[in-house]
1. Rolling a 1.4 Å sphere over the protein heavy atoms, what is the accessible area per residue of the chain, to the nearest Å²?
2. Given the stretch 4-62, report the % of alpha carbon pairs whose separation exceeds 16 Å.
3. Taking the Cα centre of the chain as the origin, how large is its charge dipole in debye, to the nearest 20, when only Lys and Arg (+1) and Asp and Glu (-1) carry charge on their Cβ atoms?
4. Just from its helices, what would the mean residue ellipticity at 222 nm be for the chain, if runs of 4 or more DSSP H residues each count -39500 (n - 2.57) and the sum is divided by every residue, rounded to the nearest 500 deg cm²/dmol?
5. So what is the relative contact order for the chain, in percent, with contacts set as C-alpha pairs under 8 Å and at least six apart?
6. With a 1.4 Å probe and every protein chain kept in, tell me what percent of the accessible surface of the stretch 3-167 is carbon plus sulfur.
7. Label MET60 and LEU98 with points 7 Å out from Cα along Cα→Cβ: what is the distance between them in nm?
8. For the cross-link pairs LYS23/LYS82; LYS19/LYS162; LYS71/LYS120, which exceed 23 Å when the distance is taken from alpha carbon to alpha carbon?
Amino acid sequence: MERNEYVALVSAFEHAYDKLILKANALSPEELRFVPAVKDAWSSNDHLVHLLDADCNLVMRLRGAVAEPGKAIPAWDPEAWKMKNNYFQTDGLFCLDLAVALRKFIAESLKNLDDEVREKAWILHPERGELRLEAVLKIYAGHPDFHLKYLERNGEAFAQSKAGAKGRQG
């Protein structure tokens with residue numbers, strides 16, 4: 001990957017939360033905690049806490065790819081993390097702020113990598129195999145948008161539940 005493409009990818013990765021931040025900050029506390037009547041659904045708050053956990057894992061993956069190329073990384077079970085780490089009792093908006101700060105930290109550390117170091121950086125993922133630094137960045141650049149769709153779905157379900165409740169009252 002050419003240097004200018006790499007810098008653009010790092011920038012896209014760093015700013016991947018921009019749309020999600022706007023959506024999350026517009027949610028009321030009730031909307032954040034609402035869980036739609038969909039199998040295995042998470043609240044919007046759960047999604048925000050998950051994003052921090054994912055980015056905490058990502059720090060080790062990306063910085064590890066640079067420091068220790070080819071090192072095997074562990075898989076992690078997001079559902080177990082959600083259930084056993086009390087996502088429901090955690091402040092998702094605070095977690096989002098921390099995730100954004102982590103992204104800035106990661107991006108700053110990656111922007112100025114020497115090309116030779118960057119080209120040698122990779123990890124060994126237990127399910128996906130060898131992942132070059134750029135591949136990991138691409139995956140995680142899209143991660144916030146993946147979860148934004150769930151925040152939007154939850155918001156629509158919340159609005160429908162409120163409209164249905166008002167209709168039953170009237």
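The values are calculated or read from the model by the stated rules, or taken from the named source; none is laboratory data. What you see is a predicted model; the values in this text were computed from it and never measured. Glycine also receives a Cβ, built like all others from the backbone with ideal geometry; neighbour counts cover every protein chain displayed. SASA here: full protein model, heavy atoms, side chains in, ligands and nucleic acids out. Shrake-Rupley method; radii C 1.70, N 1.55, O 1.52, S 1.80 Å.
1. Accessible area per residue, the chain: 56 Å².
2. Working: 1002 of 1711 pairs.
Tail fraction, whole percent: 59.
3. The calculated dipole for the chain is roughly 560 debye.
4. For the chain, the value works out to -22000 deg cm²/dmol.
5. Taking the mean separation of contacting Cα pairs over the length of the chain, I get 38 percent.
6. Values: 5050 of 8820 Å².
The value for the stretch 3-167 is 57 percent carbon and sulfur by accessible area.
7. 1.5 nm
8. On the way: LYS23/LYS82 21 Å; LYS19/LYS162 25 Å; LYS71/LYS120 12 Å.
In this structure, LYS19/LYS162 lie more than 23 Å apart at Cα.
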